[in-house]
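Data block below; observations after.
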Amino acid sequence: MQFTYRTNGVCSRNIHIEIEDGIVKSVKFEGGCNGNTKGISALVEGMKVEDVIKRLEGIKCGFKSTSCPDQLAEALKSVE
């Protein structure tokens with residue numbers, strides 16, 4: 001399954017995600033901090049969806065109530 005998630009409250013605009021059999025196959029952020037979003041993507045690829053959610057949910061960026069990792073968790077929760 002491939003889908004695009006429109007982010008809220010962060011610098012990135014969208015997250016393009018591919019999931020197969022409950023495993024994150026690829027993640028690509030549009031916008032945001034290039035190095036950080038590439039790092040997040042590299043770290044979560046190959047992980048189980050539920051494990052990614054557990055690790056990233058609730059992370060905040062500075063004074064914001066969310067972050068790019070938290071938005072990825074939200075995206076994955078929307079299809080879990």
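Accessible area per residue of the chain at 1.4 Å probe, in Å²?
Value for the chain: 60 Å² per residue.
If you average over every viewing direction, what projected area does the convex hull of the Cα atoms of the stretch 34-75 give, in nm²?
Over all viewing directions, the stretch 34-75 projects a mean Cα-hull area of 2.9 nm².
Could you work out the percent of alpha carbon pairs in the stretch 11-80 separated by over 19 Å, rounded to a whole number?
Result for the distance tail: 22 percent.
Which GluC sites (Glu not before Pro) in the stretch 18-68 sit in a loop by DSSP (not H, G, I, E or B) and have at most 12 other Cβ atoms within 10 Å of their own Cβ?
For GluC sites (Glu not before Pro) across the stretch 18-68 that sit outside H, G, I, E and B with at most 12 neighbouring Cβ atoms in 10 Å, the list is empty.
For the stretch 25-80, which whole-number percentage of the solvent-accessible area (1.4 Å probe, protein heavy atoms only) is attributable to carbon and sulfur atoms?
Exposed carbon and sulfur together represent 53 percent of the surface.
With a point put 7 Å past each Cα toward its Cβ, work out how far residue 33 is from residue 16 in nm, to one decimal.
Taking the simple label geometry, residue 33 and residue 16 are separated by 2.3 nm.
Using a Förster distance of 25 Å, how high is the FRET efficiency between residue 2 and residue 63, based on the Cβ-Cβ distance and rounded to 0.05?
Between residue 2 and residue 63 the formula returns 0.15.
Under 5 Å between amide hydrogens, which residues at least 5 positions from residue 14 or on another chain qualify, with H placed 1.01 Å from N in the peptide plane?
Those qualifying (amide H under 5 Å, at least 5 residues apart or on another chain) are 7, 30.
Tell me which chymotrypsin sites (Phe, Trp or Tyr not before Pro) from the chain have a DSSP coil assignment and no more than 10 other beta carbons within 10 Å of their own. Could the numbers behind the result be given before it?
On the way: sites: 3, 5, 29, 63; in loops: 63.
Answer in residue order: 63.
For a test of understanding, tell me how many lysine pairs in the chain have Cα atoms under 21 Å apart, given they are 8 or more places apart or on different chains.
19
The values are calculated or read from the model by the stated rules, or taken from the named source; none is laboratory data. All of these numbers come straight from a predicted model, not from anything done at the bench. Every residue, glycine among them, receives a Cβ derived from its backbone with ideal geometry; neighbour counts consider all protein chains shown. In case anyone asks, the SASA skips ligands and DNA or RNA and just uses the protein heavy atoms, side chains included. Shrake-Rupley method; radii C 1.70, N 1.55, O 1.52, S 1.80 Å.
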